[in-house]
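The values are calculated or read from the model by the stated rules, or taken from the named source; none is laboratory data. Everything numeric here is computed off the predicted structure, so don't read it as measured data. Because the Cβ atoms are built from the backbone with ideal geometry, glycine has one as well, and the counts that use them run over all protein chains shown. The protein model used for the area step is the full one, side chains on, heavy atoms only, and it has no ligands, DNA or RNA in it. Shrake-Rupley method; radii C 1.70, N 1.55, O 1.52, S 1.80 Å.
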Amino acid sequence: MPAGRPPKTVLTLKVNGDSVELAVEPRTTLLEALRYTLRLTGSKQGCDKGDCGACTVLIDGTPTLACLTLAVECQGRAVTTIEGLARGPHVHPVQDAFDLCGALQCGFCQPGMMLSAAALLEANARPTRLQIREALSGNLCRCTGYKQIFDAVEVASGQREVAERDPRPTTGGES
Amino acid sequence: MLTLPPFTYHAPATVSEAVALLAEHRGDVKLLAGGTDLLPNMKHRLFTPAHLVGLRSVRGLAEIAEKDGAVRLGPMVSIARLARDPLVEQRLPSLQAAAQAIAGPQLRQMGTLGGNLCLDTRCVFYNQTAFWRLALGYCLKKDGTVCHVVKAGKRCVAAASNDTAPALLTLGARIRVAGPLGTRDVALADFYFADGVRNLGLQEDEVLTGIEVPSPEAGQRSGFQKLRVREAVDYPSLSVAVSSALDAGGNARWVRVAVSALGARPHLVGSLESLTGSKLTSAAVAEIGRIAHRQCHPLTNINIDPAWRRDLIPVLVKRAFETCRLARAS
Amino acid sequence: MKGHAVVGRRLRKLDGLKKATGEAKYADDLELPRMLHCKLLRSPHAHARIRRIDFTRCRAHPGVVEVLEGAELPARYGVIPWTPDEQALAADKARFVGDEVAAVAALDELAAEEALALIDVEWEVLPALVEPEQALAAGSPQIHEGKKHGNVSKHVGLSFGDVDAGFAASASVAEEDFFYAGSTHAAIEPHCALAQYDAEGNLTLWSSTQIPHYVHRELSRVLGLPETRVRVIQPFLGGAFGGKSDPFALEFVVAKLAMKTGRPVKCLLTREEVFFAHRGRHPMKMRFKVGLAKDGRIEAVDSKILIDGGAYSSFGLVTAYYSGQLLTGPYTFGSYRFDSTRVFTNKPPCGPKRGHGSVQPRFAFEVALDMAAEKLGLDPIEVRRRNFVGENVLTVNGQTITSNGFLQCLDAVEAASRWKERKGKLPYGRGLGVAGSMYISGTAYPLYPNELPQSGIQVKLDRSGKVTIFSGGSDIGQGLNSLPAYLIAEEIGCDPRDCHVVVSDTDLTPVDLGAYSSRGTYMIGAACLEAGQRLWAMLSEAVGAKWGCPGAAVEGALGTIRGPADGQQMSFREAVQLAEAKFGTLGATGSYRTQKLGGDYRGGTIGASPAYSFTAHVVEVRVDVETGVWKVERVWAAHDCGKALNPTLVEGQIEGSVYMGFGEAAMEEMTYLPSGLHAGPSLLDYRIPTSLDTPDIEATIVEPIDPGGPHGAKEAGEGPLHPVIPAIANALYDAVGVRLTALPFHPAKVLAALRAKAKHDGLAESAERGAC
C-alpha cells in the first residue's frame, strides 16, 4: 500500500473454524481480505457492488455479501467460505449434489450459490422448489438457467434422486 | 474491482458517542448501518468521507416490541427480520410485505430499516461510477449543474426508492432522532422533502434511533404492491402502500395511500377525505386509483418507461387494496 | 459395434469437485510476487481525436510504477485477420465511450485508480455517430478513416433461386419489420489478465480467454516477440458465451507493462468495463418477407438487415454472412435472398454472443413464418413439419446437412406440451407458441487460412495406468475439460477417473482454435477418437500377443481388459505395461482436419459446417392484461445434438440456452444515451433473470447418430438458444392477439400493443355496426 493512507488495523476473526489475525485498511472489504490477504480465492467477485451474489459468504451462519462488508466490522465473527463448507475430507452434501447434477458449469457463481443453498438447508431441511428459488434469488448464475441448481438442492436434501449416481473418485466407489 | 476510497473507521458503543463523532467530523463523515446503500455509493465516489461511524456496536437499536399503544422498531432491525417477524406480521402487514419485496436475500439480511428509511435517492444519471459521471458531464445531484431528467430543472428529482417508507407513511409512523441537543420526534410524513439532493430531515450530526408506529385500530388493514422488472434484487419501478380502518359497518374511518419511486419524496396521496364514512367498493377503489394517478408523475429518473409506470398506478392501488391484510390482535 | 462404457453416461465432470470446493483457480485468483495492478484510462467521449497525453501528474503519484500509451503498441489487430482495426490503446482517436487510451501499473488497485485521474488528455471531440442510420448518412465522418465504404463494416448480398417468381407463386406472403435489441454476455467473471516476463525473455499470459491460440498469435505479433517466447494459459474460466473470444486490450497492456517493468502485472476489469469490452449480440433492424404456397411450402424468403456493429470489426465480417447464411434449415427454402449491411457506430463493439449472427434473423423469420401460415389456416407445427429439409441434403445455399432430427424434436415438444389438445383452446391471456432452428457444429474453416489441424490431442500413457491427455480446448463451463477423458477412456478401456487432462496452455497442449462456433465436441472429439484408436491398436496388440489371440478380440472398459476366453482379463495397468514393454514409451496424437465444405461462390464457405444441430421449442405464456406483465409458464425444448456424450451436460447446455434466450426476450437490452454513453453498465441496471424469473424448462434430447461426429455427436451449446425468442413471440400472439416485433418484449410494450389493438378492434367493431 502506498504511503499516506489511514493506518491498518489488526483484527481477529474466525475463518472456516480457524482463528486468524490480519491487518487491513479500514476500506478493505471482507471480500478483498479473504481473497487477497488470506488467499481464500473461492469467494468470487462479479459485479463490484452487491448486484450478483458471487461473493456470498456465511457470517455467523447467515449468507452475506462480502463485497459490501467491511473487514473491520467482522471483528470476532465467524466467517465460512466455500473452502470451509466441507468438514474434513468429505465434501458437503450440497457440493456433492451440485457436482452430480451438472450445476457446476463455469463454476464461478457457485461458491456463493452453494453457501446460500447450505444456509437454506440448515434452516429448512426439506425446502419446496419455490423456497429454493427464493433463497437463491440473490445469486445470479449465467450458465445453467438454474434448473440443475434447483435439482441439486433437492438432491442434497434427499428429495430427489439423480438418474445416475457416479461415485466420487476420492471415496473409491462410495458417494 | 471497484475500490472503496480511504477513510477512518469508528465503532461507537452508544448513541451519544456516535453523535459526538458525527459532530466532531462534521462535513466529512457518514453513518454506516448495513452498508448496502452507502458502500456502493462510496465505490461510485458519490461520497468520499474521511470518517465512517459504524452503528453495528451501538446497543439497543434493534428492538421490535409493542408497548404504550405503539409498535417500536429499532433502526438496526434488519430487513430480513422485518420480513419474518411475527409481531410485524400480525400488526403491520403492509410493512412486512414491503420488507419481503426488498432486493434479494443477502441484502435483506444486511440492510436495516433505518438504512432503508434513509436510503439515498436514486437516479440513472447518479448511481454510476466516477468515470461514467465524468463522461456524462455530471448532474445536479452531484458535482454538476444540469439535471438530465428534467431539462432546465433546478431541483433534483432523483427517486425515493425505499419500499418501507410508503408502508410506514400510510401506517402513520413517527421517528425519533438523536442529536447533540438531545432527541426529537418527527412524523415520517414530515421527514421527507421533495429535493433529491437532500430529501431527509436529518442533520449530519443526527442519528435515527427509533421508529414508532401507532398500534393498529380495530378494523385496520394494510397492503403493499411493488412493480419491478425482476422478481428479486431490483429497486422499485413503482411502489404503492395502502392502509385503512373500517368501522363495524364496513365503512372507512380513514384511508391512506402512498405512492413511491416517482420523485424525491414518497407521495402520500391527498384528497382522500371524501372516502371517509363510505364503503371501499371496487368503484371507490377505482376512484382512489384515479386520484392517485392525477397526483403522480413518474419521470425518467428510473430507466423504466414513465408513461407505463403512471398507467399502472391505479392497477397497483387496486391490487394493494385487494391484498390488504387485517391487523390482528397481538 | 460394442456398447458404450462411458459415452452416454451421466458421469461427473473431471473438474466438478474442484469447482465445488473453491479449489479451481480463475484468472483473478492468481497472484505472483511483486505483482503490480493495472488500470486502463478510457475515453469519456464517443468519438474524439487524441491530441496529447501527459503523464506528468500521474507519474508523481507515490503508487505509480509505470505508464503506457498507444504509440508504444502501434500494431493493429483483430480476431479476423482481414479486418485488423483495433489497437491495444488508441493512438489516434477513441471510437466509443470506454475505448482504452492509456494504462497505469501501480502498487495496488486504488493507487492505479487514483493515478488514472492524473493523466491529462487533450481531446478534439468529433461528432458521435450512435445510430447506424447516422453513420450511413451522407457527410458523416468516418469512424475508421481510409476505409473504402464510408462507415460500412461489411455488406453481403446473396441470392439463391428466383425469389421474385417465388413470391409471385405464393398463396400467402407475410412482410414485417423486426428489431432485435443488442444484448451482452454478462458472464459472471469479469475479464482478467496477468502477465509475467522472465529474465530469459519468455512472456507468460494467464487470461480469461476462450481463444488462447488466437491470443497467442496476436500477442506475439503486437508485442514483436517470437511465438516461441509467448505462452498463453487459460485458467478456469468464469463464463464466456462468446464474450471472451476476441483478443482484448488488457491482454496486450499487461504484457507490455510486464516487459517494461520486469514485474508481473495484472488487470481485472470492473463490471462497468466488461460492458465496454462487450462484443455482444448485434442490434439488427430486419425487414423480412416470407412467401408460402397454398400447401404451406416455403416458396421464397427475402430479408434486408441493418446491423449495428459498434466501433470495431471484431467478428463482424462473419456476422454479416451468418445473418443470412445460417437460416436455410431446418426448412427447405424454394428460393432465398438476403442483403445484410454491418455498420460502424460509436458504441462498444458487438461480436459473437451465443448463437452468433443467427439468433436475430431466426426470431424474425420464425414469427413471419407463423404470420404467413396463419393466413393459410395452417397449424404452426404442421407448417414447420411440411417444410422439413430432410437428411443428407444440400440447402438452397449449398450447405451440406448430414443427420437431422428436427421432426423428432417437433414431435417431442408437440406431445410434451399437449399441443394438439390445448393449442387454440386456452383462455384469453394464455397461449402456446412454437419455433424451430438449426445451428452449426463448428465452422468448416479456421479464421486464418491454413492446412493445419483445427484441433489436436496428445495422450501419454504411464505404466502406473495413469492417462495424461493434453488438450488445447477451452472449457468455458460446457465440459471440454472432461470430454477428452470420456472419449479416450471409451477408446482405450481405462477408467475416465484415471485420466488427467492438461488443458489450454500453448506451451503444453496442442493447438485448438478455441471455444467458438460450437466446434468443441465435434472437432476435439474427432481428435480424441483418432488418438485413442492409435493407442488401442498398441494396447490390444500387446495384450493379444500375451493371450495368443488377435488384438481385435481384446476388449477394454473402465479399467478392465478382457480376452475372448472365459475369465480372461487383466487390469488396464497391466495392459499398459505389456504395451510399453513391446513398443517403448507410449503416446499418441490425434487431429481434426478441415473438410472441404460449403457452396461454390464467394462466401459459400461461411456457415459451412461438418454437421448441424436442430431444435424445436414450444413455449407457454401467461399475460397479465392489466399490466402487460407476462410470464413463461414452461418451455419444452427438444434438441438434436446427435449422440449425447454426457446427457447431464447436454441438458445443462439446453437449459442455459433457453434461459439466456428468455432473458433477451424478456428484459435484456444494451441501451445508450444520445451521447453514446451506455445507459446502465452494471448488473443492477442491465438486468439478467434471477432464480425467481427463470422459466420451468423441460429439456428433451433427440439423438440421431451423425455419420461424422464422434460417436454421432453434434453441438448443444448454442443451437437451443434460437427458438425460445420467436416461440415466446408466437405464444404471446396466441395468448392476446398482438404481434410483438421489437425486442425485448417489455411489459410496457405489451400493454401499449394491447391498448392499440383494443382501440383498433373497437373501431373495427363500430365500423361493422355502422355498416349494419
Applying a 10 Å radius around every beta-carbon, put B:97-106, C:243-252 in order of their mean neighbour count, most first. C:243-252, B:97-106
Two-decimal Rg/Rh of segment C:255-346 from alpha-carbon positions, Kirkwood Rh? 1.25
How shielded is C:105-117 by partner chains, expressed as the average number of their Cβ atoms within 10 Å of its Cβ atoms? 4
Amide N proximity, segment C:611-647 versus A:Arg129 label position 7 Å along Cα-to-Cβ, cut-off under 19 Å: C:618-623, C:631-638
Along the positive direction of the dipole of the protein assembly as shown (beta-carbon charges: Lys, Arg +1; Asp, Glu -1; about the Cα centre), which of B:Pro298, B:Gly249, C:Gly656 reaches farthest? B:Gly249
Calculate the FRET efficiency for C:Asp120 and C:His760 from the Cβ-Cβ distance with a Förster distance of 56 Å, rounded to the nearest 0.05. 0.45
If you take each beta carbon of peptide C:266-273 and count the beta carbons of other chains within 10 angstrom, what is the mean? 5
Around C:Trp419: net Lys/Arg minus Asp/Glu count, Cβ-Cβ under 15 Å: -1
B:Cys156 long-range amide H proximity, modeled H, under 5 Å: B:Gly196, B:Val197
Kirkwood Rh over alpha-carbon pairs of the protein assembly as shown, then Stokes-Einstein at 20 °C and 1.002 mPa s: what D in µm² s⁻¹, rounded to an integer? 67
Per the C-alpha gyration tensor (a ≥ b ≥ c, the square roots of its eigenvalues), segment B:52-121 is rounded if a/c is under 1.5, else prolate if a/b beats b/c, else oblate; here it's oblate
Can you list the HN-Hα couplings for segment C:36-49, worked out from phi with the Karplus curve (6.51, -1.76, 1.60; θ = phi - 60°), rounded to whole Hz and with x for Gly and Pro? 9, 10, 10, 10, 10, 7, 10, 6, x, 10, 6, 7, 7, 7
Quick one: 3J(HN,Hα) in Hz for segment A:21-36, Karplus 6.51/-1.76/1.60 with θ = phi - 60°, rounded, Gly and Pro as x. 10, 8, 9, 9, 6, x, 7, 6, 7, 4, 4, 5, 5, 5, 6, 9
Using each residue's phi in segment A:135-146, evaluate 6.51 cos²θ - 1.76 cosθ + 1.60 at θ = phi - 60° and report the 3J(HN,Hα) Karplus result to the nearest Hz, with x for Gly and Pro. 5, 9, 6, x, 10, 7, 10, 9, 8, 8, x, 6
In terms of modelled amide H atoms, which long-range or inter-chain residues lie less than 5 Å from the amide H of C:Val232? C:Leu205, C:Thr506, C:Asp507
Taking C:498-509, C:429-440 and ranking on average Cβ neighbours within 10 Å, highest first, one gets C:429-440, C:498-509
Shielding of C:645-652 by partner chains, average beta-carbon count, 10 Å: 5
Going by Cα centres, segment C:593-650 and segment A:72-124 are how many Å apart? 33
Which value, in debye to the nearest 20, describes the size of the charge dipole of segment B:92-251 about its Cα centre when Lys and Arg Cβ atoms bear +1, Asp and Glu Cβ atoms bear -1, and nothing else is charged? 600
Protection proxy (average C-beta count within 10 Å per residue), highest first, orders C:96-105, B:86-95, C:124-133, A:18-27 as C:96-105, B:86-95, C:124-133, A:18-27
Using helices alone, what [θ] at 222 nm do you get for chain B, with -39,500 (n - 2.57) per DSSP H run of 4 or more residues, divided over all residues and rounded to the nearest 500? -7000 deg cm²/dmol
Is chain C best put as rounded, prolate or oblate by its Cα gyration tensor, with a ≥ b ≥ c the root eigenvalues, rounded for a/c under 1.5, and otherwise prolate when a/b is larger than b/c, oblate when not? oblate
In nm, the gap between the two label points placed 7 Å beyond Cα toward Cβ at C:Arg602 and B:Asp28 is 6.8
Only Lys, Arg (+1) and Asp, Glu (-1) charged, at Cβ; segment C:122-259 dipole about Cα centre in debye: 700
Assuming a ≥ b ≥ c are the square roots of the Cα gyration tensor eigenvalues, decide whether segment B:190-321 counts as rounded (a/c under 1.5), prolate (otherwise, with a/b larger than b/c) or oblate. oblate
Among C:Ala105, C:Ser140, C:Val121, pick out the residue whose Cα is farthest towards the positive end of the charge dipole of segment C:102-155, where Lys and Arg carry +1 and Asp and Glu carry -1 on C-beta, about the Cα centre. C:Ser140
Choose one of C:Phe333, C:Gly433, C:Ile469: the residue whose Cα lies farthest towards the positive end of the charge dipole of chain C (beta-carbon charges +1 Lys, Arg; -1 Asp, Glu; about the Cα centre). C:Phe333
May I ask you to compute the full-extension gain from C:Arg422 to C:Thr332, defined as 0.36 nm times their residue separation minus their alpha-carbon distance, rounded to one decimal in nm? 29.6 nm
Calculate the length of the line joining the C-alpha centroid of segment B:90-105 to that of segment B:262-310, in whole Å. 21
Extension gain, B:Thr276 back to B:Ala194 (0.36 nm per residue minus Cα-Cα distance, nm): 26.8 nm
Over chain C: helical MRE at 222 nm, DSSP H runs n ≥ 4 each giving -39500 (n - 2.57), nearest 500: -8500 deg cm²/dmol
Span from the segment A:135-152 Cα centroid across to the segment C:439-469 one, whole angstrom: 32
Hey, quick one: spin label on C:Glu175, modelled 7 Å out along Cα-Cβ, who in segment C:283-301 has an amide N within reach, i.e. under 19 Å? C:285-294, C:298-301
Within the protein assembly as shown: Cβ-based charge dipole about Cα centre, in debye rounded to nearest 20 (Lys, Arg +1; Asp, Glu -1): 1580
Once the cut-off is 20 Å, how many percent of the Cα-Cα pairs in segment A:9-84 end up in the long-distance tail? 16
Which value, in Å² and to the nearest 10, is the accessible area of C:Ile298 when all protein chains are kept and the probe is 1.4 Å? 10
